[in-house]
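First comes the structure, then the notes that go with it.
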Amino acid sequence: MLLLTKVIFAVMIGFLSSAFLGLILIPLLRRLHVGQRISIFVGESHQKKEGTPTMGGLIFIIPTLLATIALLITKKLTLTEDLLIVLMVFIGYAIIGFLDDFLSIKKHDNEGLTTYQKLFAQVLIALLFFYLYIKNGGQTSWVVGTLGINIEMGWFYGVFILFLLVGSSNAVNLTDGLDGLAGGLSAIAFVAFSLISLMVGFEDMGIFTFILVGSLLGFLVFNAYPAKIFMGDTGSLALGAVMASIAILTHRELTLVVVAGVFVVETLSVILQVAWLYIFKRKLFLMTPLHHHFEKLGWKEPDIVKLFWVIGLLLAMAGILFGVWL
């Protein structure tokens with residue numbers, strides 16, 4: 001019962017603090033003209049969103065960090081090495097995303113940090129992750145008990161960590177194209193990983209992740225259709241990286257592919273589109289990522305988001321089954 005109480009409190013404090021911050025931050029960002037520039041290629045329905053405040057990831061990042069710190073100070077939560085790694089990744093990728101958003105706004109276009117600058121920062125975070133992970137006695141083998149997989153990777157596990165962090169963060173970033181889509185899918189995925197963390201003995205990460213779930217729900221109050229604010233790279237990069245971190249630390253890397261299945265498919269649609277164009281000189285989809293393909297087919301934005309949320313929920317339940325029971 002105590003654990004259930006902690007979970008409810010974590011979600012509640014995350015939700016209330018992020019909803020309160022949103023009421024303050026959105027008017028402030030409007031006054032500072034921190035608006036999103038919309039690509040001309042995404043269609044007329046999106047052009048009316050031009051100027052909508054971005055950097056909305058701050059609405060769930062700041063409350064999650066403050067609530068976690070408050071619980072650590074009051075000794076309601078223990079700062080373990082695993083939680084330290086998750087917080088380091090969360091803050092590190094949030095800074096990368098914030099700088100990218102800030103430079104995009106300053107330059108008045110959608111180009112912030114260069115690809116090499118982002119990759120350099122991500123490599124540094126992955127190296128620090130790997131160092132702390134090994135120092136804490138983390139295993140360097142990829143184990144999937146359900147499938148009987150046990151592959152010792154040695155130092156190459158550090159490259160594996162980088163691949164997961166970069167891949168997951170960019171997958172959430174690509175999915176962040178419709179109001180509430182990435183935020184809702186992330187909240188669903190983090191509920192799954194919160195439960196998995198608690199079930200396999202990582203209470204610290206489970207409680208932290210439930211705080212994040214609550215903060216995301218508070219963010220969705222403002223980000224659901226019609227969005228009053230976008231999360232920007234500030235939020236999407238941080239969410240994807242934390243998702244990958246928890247999968248690595250709980251040794252549920254393959255479960256990440258299941259739980260984050262919608263993000264994976266969105267990313268694959270972009271890769272397939274590029275490959276199809278190169279090989280066959282024509283498009284496979286009307287537009288990518290995949291949610292834009294449905295828009296081009298005439299689907300309404302809220303309907304696409306609801307469909308993807310339902311699929312995400314089904315995959316999250318399958319991920320819990322695969323990651324804990326089987």
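The values are calculated or read from the model by the stated rules, or taken from the named source; none is laboratory data. Here the structure is a predicted model, which means the values were calculated and not measured. Here Cβ is always computed from backbone atoms with ideal geometry, including for glycine, and neighbour counts include all displayed protein chains.
Just one residue in the set Gly312, Gly319 is in contact with a Leu (Cβ under 6 Å, 6 or more places away or on another chain) and part of a helix (DSSP H, G or I); that residue is Gly312.
Taking the stretch 262-293 as the region of interest, how many residues are of a type in the set (Phe, Trp, Tyr), over 19 Å from Asn173 (Cβ atoms) and surrounded by 13 or more Cβ atoms within 10 Å (Cβ to Cβ)? Before the answer, list the steps.
Going residue by residue through the stretch 262-293, those that are of a type in the set (Phe, Trp, Tyr) are 263, 276, 278, 280, 285.
Next cut, over 19 Å from Asn173 (Cβ atoms) only: 276, 278, 280.
So of that shortlist, the ones also surrounded by 13 or more Cβ atoms within 10 Å (Cβ to Cβ) come out as 276.
Counting residues in the stretch 262-293 that are of a type in the set (Phe, Trp, Tyr), over 19 Å from Asn173 (Cβ atoms) and surrounded by 13 or more Cβ atoms within 10 Å (Cβ to Cβ) gives 1.
For the residues Phe102, Phe98, Phe130, the requirement of being at pLDDT 90 or above and over 18 Å from Val242 (Cβ atoms) singles out Phe102.
In the stretch 313-326, the residues that are closer than 10 Å to Val191 by Cα form Cβ pairs under 9 Å with partners that are among the aliphatic types (A, V, I, L, M) and surrounded by fewer than 19 Cβ atoms within 10 Å (Cβ to Cβ), at six or more places apart or across chains, as follows: Ile320/Met199. Specify which of the listed residues (Gly201, Gly158) is over 19 Å from the mean Cα position of the chain (by Cα), modelled with pLDDT under 95 and part of a helix (DSSP H, G or I). From the options Gly201, Gly158, the qualifying one is Gly158.
Residues that are in a loop (DSSP other than H, G, I, E, B) and free of Cβ contacts under 8 Å to residues at least 12 places away in the same chain within the stretch 105-137 comprise Glu111, Thr114, Gly137, listed in sequence order.
The numbered conditions (1) surrounded by 14 or more Cβ atoms within 10 Å (Cβ to Cβ); (2) in contact with a Ser or Thr (Cβ under 6 Å, 6 or more places away or on another chain); (3) not hydroxyl-bearing (Ser, Thr, Tyr) are all true for Ile134 except (2).
In the stretch 234-289, the qualifying residues are those that are outside any helix (DSSP H, G or I) and among the polar types (S, T, N, Q), and the one that is farthest from the chain's Cα centre (by Cα) is Thr288. Here Thr175 clears all of (1) out of contact with any Leu (no Cβ under 9 Å at 6 or more places or on another chain); (2) modelled with pLDDT of 90 or more; (3) among the polar types (S, T, N, Q) except the condition numbered (1).
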